[in-house]
1. Quick one: in the range 247-269, which of the residues that are hydroxyl-bearing (Ser, Thr, Tyr) and in a loop (DSSP other than H, G, I, E, B) is farthest from residue 378 (Cα to Cα)?
2. Among the candidates 269, 291, which residue alone is of a type in the set (D, E, K, R) and touching a His at 6+ places or on another chain (Cβ under 9 Å)?
3. What pairs can you find where one residue is in the range 297-326 and assigned to a strand (DSSP E or B), the other is polar (S, T, N, Q) and surrounded by fewer than 24 Cβ atoms within 10 Å (Cβ to Cβ), and their Cβ atoms are less than 7 Å apart, with a gap of 6+ or different chains?
4. All but one of (1) surrounded by fewer than 17 Cβ atoms within 10 Å (Cβ to Cβ); (2) within 25 Å of the chain's Cα centre (by Cα); (3) farther than 24 Å from residue 189 by Cα hold for residue 373, so report the exception by its number.
5. Mind listing whichever residues of the range 155-192 are within 17 Å of the chain's Cα centre (by Cα), farther than 18 Å from residue 415 by Cβ and surrounded by fewer than 21 Cβ atoms within 10 Å (Cβ to Cβ)?
6. Taking the range 428-460 as the search range and keeping residues that are in contact with a Ser or Thr (Cβ under 8 Å, 6 or more places away or on another chain) and aromatic (Phe, Trp, Tyr), which one is surrounded by the most Cβ atoms within 10 Å (Cβ to Cβ)?
7. Can you pull out the residues in the range 415-427 that are part of a strand (DSSP E or B) and buried (at least 16 other Cβ atoms within 10 Å of the Cβ)?
Amino acid sequence: MFMNKVNIYSKKLFRKRLKGSYLPVILMASVLFFALAVAIISISLSQIKIAKNHEQQVSAMEIAEAGINYYLWHLAHDNEDYCDGNECEGEGPYGPYTHDYASQAGKVLGTYELTITPPEIAGNSVEVRSVGKVVDRNLDRTIMATLGIPSFTKYSLFVQGDQLWVGEGESVDGTVHVNNNGMYNEGEITGDASSTETTYDGWFGYQPGVAGPGIFGGAKLFPVPPADFNQVNINILETRTKVRDQGEGVYIGASSRRRGYHIVLRANEFDLYEVRRYSGSWPTKWDITSENFVQTYSYPESGVIFVEDNVWVEGTIDNQKITIFAADPDETSFSRQKGIFIPEDITYTHYDGTDKIGLVTQTNILLTYNAPDDLEINAAMIARYGEIKINNYVGNFKDHIRVYGSMAHNAGIVWTYASGSTITSGYSETELIIDESNVLNPPPMFPTTGSYTVLSWREE
């Protein structure tokens, strides 16, 4: 009997001890659950904080971009105001100028601060630094943007109103654009090739706007909006006013015999001759046979030489940026408008953007009969109503022409004449290489395409 009681007691004691053994497990699970909950909450809060910070970073960037867009709009309405409507003092940079950035409901979300660096002398690009700040936050982001009006130097080759044919063995380094016609490429175009037309209708029949079996290093783009070549006329007239009437350059009026002038470029100055006679026959050879020295000029601070007559140009510059205009804006007859002739090499000393030459004329840019067999032209060239070419002097064979710069014309570019596969005159080898430094910083007062845009931007 005693033993039986003891066994019952032992069983009860065992049962009590078995019940109590769950408590550590429950406590441990609770601790783990609590730690996991804390971790999840912490991660969630951290993610919310990161998301909030990212949102504010994006907001600061949007505010900085709004500053750039604002000044782009401002320059479109006053393209020479670099002080945000204030009086400019000193040479710049100007600012900072602070503007509120508000929501559509009028709530101020932040501010942007603008600092504007004006163009270099005779330049056309403006640097704008915009710092976007979020209200009540020690947070900002900064954008540096170059604003400017793209010039025709953005195209290695620009054609107005005439079909373009890049022949077999020919190469164009850079972008090519054709207004009001198409292009056919049998050679090589390294950059984008664009046309305003859906179709090409020329020597090779009906084709897409940009066609041919040649090499296209960039995109074929057609149809695209036209570039306004009439801006060249506006630029010529405005430039004459600035140079002749406001003294922003060297102005040279019509020559006494109405034949033109000969400009010989040198390192720091240029010599001016009045042309008395040049070789004729048909086609005209344009080689100067008689001239009189006029004077030597230093290059103007603006870099612009405006000649209201024909101009022969040759020589080498050193650490100079110049543009030579040969034009009479008052003449509407093509036969009385002015042209440019190239009798010898036109070259730079430096090829890093330090040296720049622009040649702008109303009619043709022509090579003379006695131009070198191996010719180098370093220049951005525009022939508003005419061609850039050498005349078809049958039997006048030349070896190689290299253009480093850009060409824009109305009626054609011809360096070589052939009958079938046989060359009859001109240059047997041709090169066109774009001067990349001109894309954002063209020669002084070089014609532009008409409206301000963002040329480049980066975040600091």
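1. Filtering the range 247-269 down to residues hydroxyl-bearing (Ser, Thr, Tyr) leaves 251, 255-256, 261.
Narrowing further to those that are in a loop (DSSP other than H, G, I, E, B): 255-256.
On the way: 255: 26, 256: 30 Å.
Ranking the qualifying residues of the range 247-269, first place goes to 256.
2. On the way: 269 fails: touching a His at 6+ places or on another chain (Cβ under 9 Å).
From the options 269, 291, the qualifying one is 291.
3. From the range 297-326, the pairs are 298/268; 316/347; 316/349; 317/349.
4. Among (1) surrounded by fewer than 17 Cβ atoms within 10 Å (Cβ to Cβ); (2) within 25 Å of the chain's Cα centre (by Cα); (3) farther than 24 Å from residue 189 by Cα, residue 373 violates only (2).
5. 190, 191, 192
6. My answer is 446.
7. To start, the set of residues in the range 415-427 that are part of a strand (DSSP E or B) comprises 416-419, 422-427.
Of everything in the range 415-427, those that are part of a strand (DSSP E or B) and buried (at least 16 other Cβ atoms within 10 Å of the Cβ) turn out to be 416, 417, 425, 426, 427.
To keep it simple, each residue is scored yes or no on (1) closer than 20 Å to residue 177 by Cβ; (2) assigned to a strand (DSSP E or B).
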| residue | (1), (2) |
| --- | --- |
| 357 | no, yes |
| 392 | no, no |
| 395 | no, no |
| 401 | no, yes |
| 404 | yes, yes |
| 431 | yes, yes |
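The values are calculated or read from the model by the stated rules, or taken from the named source; none is laboratory data. In this text the structure is predicted, and so the values were computed from the model without any measurement. All Cβ positions, even for glycine, are placed from backbone atoms using ideal geometry, and neighbour counts span all protein chains on display.
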